[in-house]
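Chemist: Next up is a structure, given as structure tokens.
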Amino acid sequence: AYFNDPQTVLASWKQQGFTHILYNKAGTEFLREDQDPHHPVEDLDVLDQTLEDLELVSDFGGMYQIYRMP
């Protein structure tokens, strides 16, 4: 399914029972720079916007981050 706004993404994650999100920040930056056709920049932007609303719990050297769902 395609979600084009942070509220829809969060609602989907909550419905699936997620409590935390492990984010591969370096991997996402690579996809953005390489312009991967399977991960359009617009999708990555929505992901970044969604994570802005979550509490950052841990940051592992800027490579991986763990966020807590509200």
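Chemist: How many residues, within segment 11-70, are of a type in the set (Asp, Glu) and touching a Leu at 6+ places or on another chain (Cβ under 8 Å)?
Modeler: Final tally of qualifying residues: 1.
Chemist: I need the full set of residues from segment 1-28 which are among the β-branched types (Val, Ile, Thr), closer than 12 Å to Pro70 by Cα and surrounded by 12 or more Cβ atoms within 10 Å (Cβ to Cβ), in order please.
Modeler: Residue satisfying the conditions is Ile21 alone.
Every residue, every condition in (1) of a type in the set (A, V, I, L, M, F, W, C); (2) exposed (fewer than 15 other Cβ atoms within 10 Å of the Cβ); (3) part of a strand (DSSP E or B), yes or no:
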position: Phe30; (1), (2), (3): yes, yes, no
position: Glu42; (1), (2), (3): no, yes, no
position: Leu51; (1), (2), (3): yes, no, no
position: Asp59; (1), (2), (3): no, yes, yes
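Computed from the coordinates by the stated procedures, all read-outs in this text should not be read as laboratory data. Computed from a predicted model, the values in this text were never measured in an experiment. Every residue, glycine as well, gets a Cβ built from its backbone with ideal geometry; the counts of neighbours run over all protein chains shown.
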